[in-house]
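For reference, the structure discussed in these notes is given below.
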Amino acid sequence: MKEKVRFKSRLRGYAKWPLLLSILLLAMNICMYPISVKAGILMSGFLVVYVLIVGILYLRSRTQIYNELISFATQYGQVQRKLLKDLALPYALLDEEGRVLWGNTAFFEASKKTRKALHKSISWFFPEFTREQLLQDKDGDAKSVRFSFEERDFRADIRRVYMEHMLENNALMDLGEDEGYLIALYMFDETEINKYIRMNKEERLVAGLIYLDNYEEALDTIEEVRRSLLVALVDRKINKYIGAFGGIVKKMEKDKYFIAVQEKHLPIMRENKFELLQDVKTVNIGNEMAVTLSIGLGLSGNSFAENYDYARIAIDLALARGGDQVVIKEGENITYFGGKTQQIEKATRVKARVKAHALREFIESRDKVMVMGHKMGDMDSFGASIGIYRAAKVLGKRAYIVINDITNSVRPLRESFNDNPTYETDMFLTGEQALEMIDRNTVLVVVDTNRPNYTECSGLLSRTSTIVVLDHHRQTNEQIENAVLSYIEPYASSACEMVAEILQYFDEGLKIKTAEADCLYAGIVLDTDNFMRRTGVRTFEAAAFLRRCGADVTRVRKMFRNEMVEYKARAEAVRHAEVYHGFAISVCPTENIESPTIVGAQAADELLNIVGVRASIVLTYYQQKTYVSARSIDEVNVQILMERMGGGGHMNMAGAQLACEVDEAMEIVKHTIEKMQEEGEFE
């Protein structure tokens, strides 16, 4: 770079002005001779004297002028250097490689280094800096890097300073064409401001709601004279837990509490996994049923009122997921804790009756009804759709069932409606056909799923404003937001059970045809594993209602028979299963199988029959995705396991979809199991 630096000619031009004036006088002198020789001679004498004087002054003063100019420039630069050196703001210049060329006193004080460390990398001064961070800024725009050093918080502003920009207005020097640059580094100490930001954040209030999940049911199990004692003990547990964190508790209703705590205590609550959930279960004064509660917390809102709204959303989500858990809504992020116990089935059917009447009102107010379940529908999804179809037909409405792929398990049910004059030929629609027919005057009923991406045709959700959701799976962060009616009961065994209850209150004269009763009954049998899992009193009552409507056990059993190739695939999955931390994990073959995901789920059920297996997981690669089926009896909550992988379901029956190959999915499953094992999630 130094070779290209040279003095420009402007300063030299100022020194040449006397010579130019001398030439001008010489020309004037020559012009005077034709006019008057005497005047010309006189002018020549004066010109000689003038040239001698100018020459002597130029020769004697040139060095002194240059020295004065250089001295002035040097003093000017020293003043600037002095100001930068004594500047309280740490400042340094770096070369292209990130080496420190110069730094002021504040820079070396901040880095705890001396000036002997010049020409060392910035990473030697501050380990958080890397050359890659310095190279990110290519346009000369300032960028910031925040880091901590010696218990101090710094913000470093980095800017490239190109040499051509530094000298573009310089009249004395020329750099030529060069793309070299220096890096200017300004450091700001943000320790104090970060301290106050943290204090402000920690002292912000978190709004919370605590609901007792089974208040009435627990009280019914003890004598009336002891009920007040049970309530008092639960109150004491809640007040003691929240009071330990300096929070306040206000009882709003007999089973509902409002709480407020400072945000700085939330990490401690997370660390002990909200031990209040387990502590309240220890209250026992003879009650046969342990008391459980749900907690919804809201924070990071723009106001405390917005935090309270977040808490309401969180508690609704906790209850919809089955209770006995904590849901934290922090802005758009939602976190779950607990939820390891099975929700107690509600004996009352009041909610089912209310939902049935609300559904009837929505259907009556519209011209058409469309029903859809989840992708690759099973018997539960199909049976629930048939039940809603019958409800719509009772009210004289046009009804359609949206289904794209007829899986092998659904085909026997679907064939019972073929060539049947009782049903319209356009009873079943594909997603494309439904998109052409749906309008704002259509009721869209979604069954057996509450996640928009899992529906048969998610595009339908934006085509109508009247959406009803009926599901028995626990809610997750992803849910259908714009539903006018949402009936989600995680304690229900199946969507068919919920629809069967609704039909009993929907219309007094409602009659279910035999084929429809078979479909609903088959859905219950599938999700309960032939009434061996997740069954309650209401499950058998729904099954009894369907039996009275003509459901035939023998016909339904024949529908569950498998093809020989599917049976062999299931046996292969069982044969090659490996036990990993108590989990039986296997891969289901997919060759020549029409519905491999169904076979994978069946294989997962089979693996539970092996002694020592706490839970089973079967992976199935199908349509560029790996489907994960997880099952358990009562030792492991597979629902929280699947939620870690983006899925969901029930405590003992859940699943997920992974957009990767089987080998990668297997590693994800094992890593998740190991991580949750370390966190104590399976204890």
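Sparse packing (at most 11 other Cβ atoms within 10 Å of the Cβ) combined with a DSSP loop state is found for the following trypsin sites (Lys or Arg not before Pro) in region 223-320: LYS254.
Across region 357-374, computed HN-Hα scalar couplings (Karplus, 6.51 cos²θ - 1.76 cosθ + 1.60, θ = phi - 60°) run 5, 5, 4, 4, 5, 5, 5, 5, 7, 10, 8, 10, 10, 10, 10, 9, x, 9 Hz from first to last residue, x flagging Gly and Pro.
Would you mind getting me the FRET efficiency between ASP220 and GLU481? Use the beta-carbon distance for r and R0 = 41 Å, nearest 0.05. Plugging the Cβ-Cβ distance into 1/(1 + (r/R0)^6) gives 0.70.
Computed over the chain, relative contact order equals 7 percent, with contacts defined as Cα pairs under 8 Å that lie 6+ residues apart. For region 460-503 versus region 539-595, the inter-centroid distance based on Cα atoms is 25 Å.
Each listed q (0.07, 0.08, 0.11 Å⁻¹) maps to a log10 I(q)/I(0) for the chain from the Debye sum over equal C-alpha point scatterers, namely -0.66, -0.79, -1.15. The equivalent ellipsoid of region 236-294 has semi-axes of 22, 15, 9 Å, largest first, where each one is the square root of 5 times an eigenvalue of the Cα gyration tensor. Distant-in-sequence amide contacts of SER486, defined by a placed amide H-H separation under 5 Å and a gap of 5 or more residues or a different chain, comprise VAL469. Per-residue ellipticity at 222 nm computed for the chain from its helices equals -13000 deg cm²/dmol, with DSSP H segments shorter than 4 residues left out and the rest contributing -39,500 (n - 2.57). For region 440-546, trypsin sites (Lys or Arg not before Pro) are listed when DSSP marks them as loop and at most 15 other Cβ atoms sit within 10 Å of their Cβ; the list is ARG440, LYS511. Toward the positive end of the charge dipole of the chain, with +1 on the Cβ of Lys and Arg and -1 on the Cβ of Asp and Glu, the farthest Cα among ILE363, THR407, ILE438 is that of ILE438.
Computed on region 256-361, with alpha-carbon pairs under 8 angstrom and 6+ residues apart, the relative contact order is 19 percent. Set against the 2.2 N^0.38 Å expectation for a compact globular protein, region 564-678 has a Cα radius of gyration ratio of 0.95. From the alpha carbon centroid of region 647-677 to that of region 368-445 is 32 Å. Between 0 and 90 degrees, rounded to the nearest ten: what's the tilt of helix 596-607 against the longest Cα principal axis of the chain? For 596-607 against the chain, the angle is about 70 degrees.
No lab work stands behind these numbers, since they all come straight from the coordinates. It should be emphasised that the depicted structure is a prediction, and the values quoted were computed from it without experimental measurement. As a convention, Cβ positions derive from the backbone with ideal geometry for all residues, glycine included, and neighbour counts pool all protein chains shown.
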